2 protein chains.
Amino acid sequence: MTEPEDLAARVAAGEARAVARLISWVEDGAPGLQDALEALPSPSAAYVIGLTGSPGVGKSTVTSALVGAYRARGKRVGVLAIDPSSPFTGGALLGDRIRMQEHATDTGVFIRSMASRGHLGGMAAATPQAARVLEAAGCDVVLIETVGVGQSEVDVAATADATVVLLAPGMGDGVQAAKAGILEVADIVCVNKADREGAEATARDVRQMLRLGSPVDGWEPLVVTSTAARGEVADLMSALDERRAWLDQGDRGRQRRRARAAAEILALAGGRARIQLAESLSSDVIDAVADGRLSSFAAADGLLTQR
Amino acid sequence: MTEPEDLAARVAAGEARAVARLISWVEDGAPGLQDALEALPSPSAAYVIGLTGSPGVGKSTVTSALVGAYRARGKRVGVLAIDPSSPFTGGALLGDRIRMQEHATDTGVFIRSMASRGHLGGMAAATPQAARVLEAAGCDVVLIETVGVGQSEVDVAATADATVVLLAPGMGDGVQAAKAGILEVADIVCVNKADREGAEATARDVRQMLRLGSPVDGWEPLVVTSTAARGEVADLMSALDERRAWLDQGDRGRQRRRARAAAEILALAGGRARIQLAESLSSDVIDAVADGRLSSFAAADGLLTQR
């Protein structure tokens with residue numbers, strides 16, 4: 001059996017297998033997790049970047065190109081690919097991780113995928129924990145790639161220093177992205193596949209729509225284009241640099257860390273509270289609500305006060 | 001001021017403005033909501049259908065075609081369009097609701113869109129409440145159209161009697177859908193835009209992938225195609241009929257109502273518990289976690305026991 005403190009020490013030494021193991025613990029909410037995370041060295045200041053967008057926009061390709069760009073600067077990079085825990089993510093469908101294989105033998109790169117659903121507190125708790133593991137292992141940059149455009153992505157955005165929303169011209173244009181509500185979490189919007197027709201038009205639409213929203217914290221989202229399949233991510237890198245420089249001004253970095261800490265604590269406590277509630281919910285109360293004899297509000301009130 | 005009981009009575013009489021008002025109450029978690037919902041007549045047995053899928057697959061078009069098909073059978077139909085509460089959903093972007101306008105003057109059709117984020121308990125609680133309002137107003141069928149592929153959609157799926165996952169050929173194929181984890185919530189998968197190349201291939205891929213998963217409750221998901229823009233949804237209607245007949249066997253309908261009741265109670269109680277937790281979380285504890293002096297686990301434990 002692996003001792004939590006041993007595992008933490010091996011992670012801190014940058015041992016790849018220990019990193020993989022501890023991220024599995026995060027994923028499973030394993031018994032030794034709390035002790036292991038508490039034994040990690042205090043967080044340094046990795047740059048945590050979230051990448052999100054609908055299926056098919058080229059998230060993995062962009063991630064891979066960013067890994068290459070940061071490696072060219074001599075940075076150590078961690079990649080965390082978040083897949084919903086689906087019966088379908090057993091392996092075969094992860095074929096596009098193959099694109100990552102050019103980095104697989106690079107000891108300056110850690111690549112892990114993580115399912116989320118088993119974790120107490122969901123992605124809002126699991127993602128910062130996994131990011132902290134990669135940070136403790138010496139990563140200067142942590143890239144978090146998510147699938148989909150739902151609540152998990154909002155949670156990941158709360159974790160990241162920079163959230164990049166990827167779009168592609170021609171499939172789900174800017175209006176569709178706005179409809180799906182993903183623009184609002186963007187610090188940077190990147191229209192990938194810029195060699196295709198309509199990329200500039202999509203970028204223009206998005207700029208226009210972003211003007212309708214009000215900037216959070218005073219940061220105004222940047223809109224750039226990329227052609228990641230050809231490794232062309234220079235504008236995206238510049239935007240990420242600009243965002244980082246902005247975060248380093250004043251106490252913005254600290255405010256961000258505090259918001260992240262609060263979100264993580266509430267996600268963990270909320271997850272535990274929900275388990276306690278589910279355990280206290282009786283079959284009789286469920287029947288009463290299902291049959292219309294009791295309202296769900298009254299049932300919820302009863303559940304909260306009986307504890 | 002509108003009295004909750006008056007409003008409930010007007011909803012039960014099928015008054016469109018009262019339906020709109022009470023769904024707004026659900027959306028806002030208005031003070032009179034609980035009383036109004038408790039004053040509604042006991043639920044009859046509307047068929048609640050959830051429609052989900054990535055932006056661009058034609059959800060609104062399919063919804064509109066299904067409204068037409070059910071109206072042709074003489075059914076009263078409610079449509080609930082769920083938009084994430086985005087700064088961008090102010091109105092202009094809802095242009096594709098225009099397609100719905102052919103039904104807008106039909107008194108047998110109620111159409112409402114609903115934002116979710118303000119609601120205590122999130123979509124898991126708001127959706128069944130809004131569905132109940134439409135049901136009480138006399139709808140035989142309630143169509144719930146969601147945007148995106150995240151947790152909200154999973155919550156809506158838990159509410160619905162039939163969950164339809166829409167795909168389109170050529171944009172986000174079956175493999176992408178499986179990656180995004182949305183196939184697992186599908187009772188029916190519908191490949192829309194079947195007049196485009198690749199529709200049959202996508203349907204075949206999906207059938208193959210569904211064979212890898214294990215059916216929930218013994219229902220094996222159906223895979224059909226449609227060309228909703230031309231009103232061609234006959235296969236989808238047959239699949240929906242088959243699903244309904246299946247639910248009517250034995251106590252499946254009752255089991256489904258119980259699962260729904262439990263999910264709604266837990267969502268409401270969990271939402272309230274989370275607000276209580278957030279109110280008890282002190283600035284000192286946030287600082288301690290942000291500075292690495294206290295682990296998030298220990299902070300969460302402290303928060304749960306101090307109450």
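Nothing in this text is a laboratory measurement; each read-out follows from the coordinates by a stated rule. These numbers come from a predicted model, not from an experiment. Every residue, glycine as well, gets a Cβ built from its backbone with ideal geometry; the counts of neighbours run over all protein chains shown.
Find the percent of Cα-Cα distances in the range B:265-306 that exceed 17 Å, and round it to a whole number. Could you put the intermediate results ahead of the total?
On the way: 302 of 861 pairs.
That tail contains 35 percent of the Cα-Cα pairs.
Determine the shielding of peptide A:297-306 by partner chains: average, over its residues, the number of Cβ atoms on other chains within 10 angstrom of each Cβ. Don't jump to the answer; show the numbers that get you there.
On the way: counts 14, 4, 7, 14, 5, 2, 7, 6, 0, 0.
Mean shielding count: 6.
Which of B:Ser60, B:Ser42 has the fewest other C-beta atoms within 10 Å, and how do the rest follow up to the most?
Values: B:Ser60 21, B:Ser42 10.
Least crowded to most crowded, the residues run B:Ser42, B:Ser60.
For peptide A:286-293, what's the mean number of Cβ atoms from other chains within 10 Å of each residue's Cβ? Working shown, then result.
On the way: counts 9, 4, 1, 7, 11, 6, 8, 1.
Per-residue shielding by partner chains comes out at 6.
Long-range amide H contacts for B:Leu167: which residues qualify at under 5 Å (H placed 1.01 Å from N, peptide plane, sequence gap of 5 or more or a different chain)?
When sequence neighbours closer than 5 places are left aside, the close amide H contacts are B:Cys190, B:Val191, B:Asn192.
Taking amide hydrogens as modeled 1.01 Å from N in the peptide plane, which residues meet the under 5 Å criterion relative to A:Val48, leaving out close sequence neighbours?
Result for A:Val48 returns A:Val142, A:Asp161, A:Ala162.
What ranking of A:Met114, A:Met237 emerges when the number of other C-beta atoms within 10 Å of each C-beta is taken as an exposure proxy, fewest first?
Values: A:Met114 20, A:Met237 17.
So the residues, fewest neighbours to most, are A:Met237, A:Met114.
Could you check how many percent of all C-alpha pairs in the range B:1-62 are farther apart than 16 Å? Don't jump to the answer; show the numbers that get you there.
Values: 1037 of 1891 pairs.
So the portion of pairs separated by more than 16 Å is 55 percent.
Between B:Arg244 and A:Ser113, what is the spin-label point distance in nm, taking each point 7 Å from the Cα along the Cα→C-beta axis?
3.9 nm
Tell me which aspartates and glutamates have Cα within less than 12 Å of A:Lys193's Cα, excluding those fewer than 8 residues away on the same chain?
A:Glu232
Kindly state, to the nearest 0.05, the FRET efficiency for A:Thr305 paired with A:Ala13, given R0 = 60 Å and r defined as their beta-carbon distance.
Numbers: r = 50 Å, r/R0 = 0.84.
It comes to 0.75.
Given a Förster distance of 22 angstrom, what is the FRET efficiency for B:Asp6 paired with A:Arg293, based on the Cβ-Cβ distance and rounded to 0.05?
Details: r = 23 Å, r/R0 = 1.06.
Given R0 = 22 Å and the Cβ-Cβ separation, E is 0.40.
Given H placed 1.01 Å from N in the peptide plane, which residues other than close sequence neighbours of B:Phe110 have an amide H under 5 Å from its amide H?
For B:Phe110, the qualifying residues are B:Val77, B:Gly78, B:Val79.
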